Amino acid sequence: MTSQPAESPATPPPALTEVEPYGVERIPDAERTATPLDLFRVAFGGANTFSTCVLGAFPILFGLSFWQGLAATVLGVVAGALILCPMAVFGPVNGTNNAVSSSAHLGVHGRVVGSFLSLLTAVAFFSISVWSSGDALVGGAHRLFGLERGTLSYVVAYALFAGLVLAVCVYGFRFMLFVNKIAVTSATVLFLLGAIAFAGDFDPSYAGVFTAHADAATRSMFWPSFIGAALIVLSNPVSFGAFLGDWSRYIPAATPHRKVIGAAFLSQLATLLPFVFGLATASIIATKAPEYVDPKAPDFVGGLLAISPSWFFLPVCLLALIGGMSTGTTSLYGTGLDFSSVFPRLSRVRATLLVGVLSIAFIFVGRFGLDLVQSISTFATMIITCTTPWMVVMMLGFWTRRGWYDPDALQVFNRRQRGGRYWFTHGWNWRGMTAWWVSAVLGVLFTDIPGQFVGPLGDVAGGVDISLPLSLAVAALLYLALLWLFPEPRAVYGPEGARLVRTADTPVPPITGGGPEPVGEPVLAEPTR
């Protein structure tokens, strides 16, 4: 009887303190040891934080009651989770991040759009995490030890915290996963402990400003404020769109899509915990210490410390430290990873350091030189209006391609080559690019967040923000119309052909130029099960 060859031993997982060797090249199958549960931990851990509490306070800042704010929060989280979750499948299918995967739909050069979006998101949420965590640490130290709450204290707290986050990102995915495993459990326990701490002061009947006794002008602002609050909340799950592939690329390609999508969706539903914590405590602050929720100069962290019982000061500081680490690392890691391919002379580590330093500079400018709330709301608006159309193009492209991709052609940009299936017109797929930028521009034009950011056409709908549904609809219809009217090459659709759209017998230029050997055969994704 012929003996069977012995199976090769599995590659042992790298140590936590071993710097991750991979950039945006396709992760080898043997190294893909992550699971959908790991994706849940990273995505939930990145949002189960103090900075999410800050976003959760915005409905109260906008004048909503607790129940109105809760409705806006649930609407924002659920809508954002539904928009986000399909973006999780690109990582397992292609073994790389979502910006690189977007080469298939925006072109070899058009993939820099994803890099821009990840940079925008990283700066915003890294900054929020450092601001909120640093403020909590300084405030807690002031109450516990009498530390002076001066500029120097905040500068030192921000610098130390930002440096700690940057160090975790440099080590890479495994270390980040380890941090998030701790953060998911510990932050959840601390939030539940906070529910006990504030239970006696919480009053769900907090009415806000839109009461029956309010004047007509105030009441007319209810729906604009409600929609604006929901959009601020929605920006949190949508912000993960450019990053999901960074984490899911370590999941084996054979993993059923429903499990990966489900993990991403549930991770965002779980963020209702920090959102509601922020909403509830903000309503308490508005009642007991209203000076801290003045829309012109809000200080949620200071207000939280002002209403906290003394025994909860230390848990607040721990929550700020753990949660801020989680948000900061998930935001910064992916951008450093992606920019290592945009700038070929930079390794993943050097690109991470560069983006980290730029983000730290913005943190200090935004905190000490600009309106903090205006900065946050403006960045949240830009994230929604620019990222959601890009996600629509990606998801419709995945559907029309039947989940088929050529991993070698996806890496052309990273190797500084030319040609391949996704070269299109000089490296740009003007169909996807046009659908993206037209929808993004319309979204900015029609944005209307009262008192924060109003586009030139923001008042067309009577003060109600219609930017999101408009940009989503335009992106979907325009992209499909362009694919039908101007068919893409047959070669980009793989052996089973296109779904819904037409194709053209356009020749595909060969891949030329220097670079490593091809990463493997084209991938046909397993159907969703």
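If I compute solvent accessible area with a 1.4 Å probe over the protein chains, what percent of it on the chain is carbon and sulfur? That share works out to 68 percent. Using Cβ point charges alone (K and R +1, D and E -1), the dipole size of segment 116-267 about the Cα centre works out to roughly 580 debye.
The label-point distance for Asp459 and Leu152, in a model that sets each label 7 Å from Cα toward Cβ, rounds to 4.8 nm. Around the amide H of Ile511, modelled in the peptide plane, lie the amide H atoms of Gly420, all under 5 Å away and 5 or more residues distant in sequence or on another chain. Any idea how far apart Leu445 and Arg490 come out in nm if each label point goes 7 Å out from Cα toward Cβ? Placing both labels 7 Å along Cα→Cβ, they lie 3.9 nm apart. For segment 432-445, 3J(HN,Hα) computed residue by residue from phi via the Karplus equation (6.51, -1.76, 1.60; θ = phi - 60°) reads x, 4, 5, 4, 5, 6, 5, 5, 5, 5, 4, x, 5, 4 Hz, glycine and proline entered as x. Please work out the FRET efficiency for the pair Thr35 and Glu291, using the Cβ-Cβ distance as r and a Förster radius of 60 Å; give the result to the nearest 0.05. For Thr35 and Glu291, the calculated efficiency is 0.80. The H on the amide N of Val454, modeled in the peptide plane, is under 5 Å from the matching H of Ile449, each at least 5 residues off or on a different chain. Using the average count of surrounding beta-carbon atoms within 10 Å as a protection proxy, the listed peptides 237-244, 393-400, 53-60, 153-160 rank, highest first, as 53-60, 237-244, 393-400, 153-160. For the chain, the solvent-accessible area works out to 38 Å² per residue, with a probe of 1.4 Å and every protein chain left in place. Taking all protein chains as shown and a probe of 1.4 angstrom, Glu148 keeps an accessible surface of around 140 Å². Shown here for segment 348-442: trypsin sites (Lys or Arg not before Pro) in loop regions (DSSP other than H, G, I, E, B) with at most 14 other Cβ atoms within 10 Å, namely Arg416.
Remark: segment 309-323, residue by residue, has Karplus-estimated 3J(HN,Hα) of x, 4, 6, 9, 4, 5, x, 4, 5, 5, 4, 5, 5, 5, x Hz, where x stands for each Gly or Pro and the curve is 6.51 cos²θ - 1.76 cosθ + 1.60 at θ = phi - 60°.
Please list Trp311, Trp436 from largest to smallest accessible area, probe radius 1.4 Å, with all protein chains kept in place.
The most accessible residue leads, giving Trp311, Trp436.
Using equal-weight Cα scatterers in the Debye expression, the normalised intensity of the chain in log10 at q = 0.05, 0.06 Å⁻¹ is -0.20, -0.28.
Considering the dipole of segment 135-251 built from charges on the beta carbon (Lys and Arg +1, Asp and Glu -1) around the Cα centre, which of Ala230, Ala157, Ala216 is farthest to its positive end? Farthest towards the positive end: Ala157. Consider all pairwise Cα distances in segment 79-166 and report the whole-number % of them above 20 Å. Of all Cα-Cα pairs in segment 79-166, 55 percent lie more than 20 Å apart. Taking amide hydrogens as placed 1.01 Å from N in the peptide plane, the amide H of Glu488 sits under 5 Å from those of Ala504, each at least 5 positions away in sequence or on another chain.
The values are calculated or read from the model by the stated rules, or taken from the named source; none is laboratory data. Just so we're clear, the structure is a prediction, and the values are computed from it rather than from any experiment. Note that each Cβ is placed from the backbone with ideal geometry, even for glycine, and that neighbours are counted across all protein chains shown. Please note that ligands, DNA and RNA were not included when accessible areas were found on the heavy atoms of the full protein model with its side chains. Shrake-Rupley method; radii C 1.70, N 1.55, O 1.52, S 1.80 Å.
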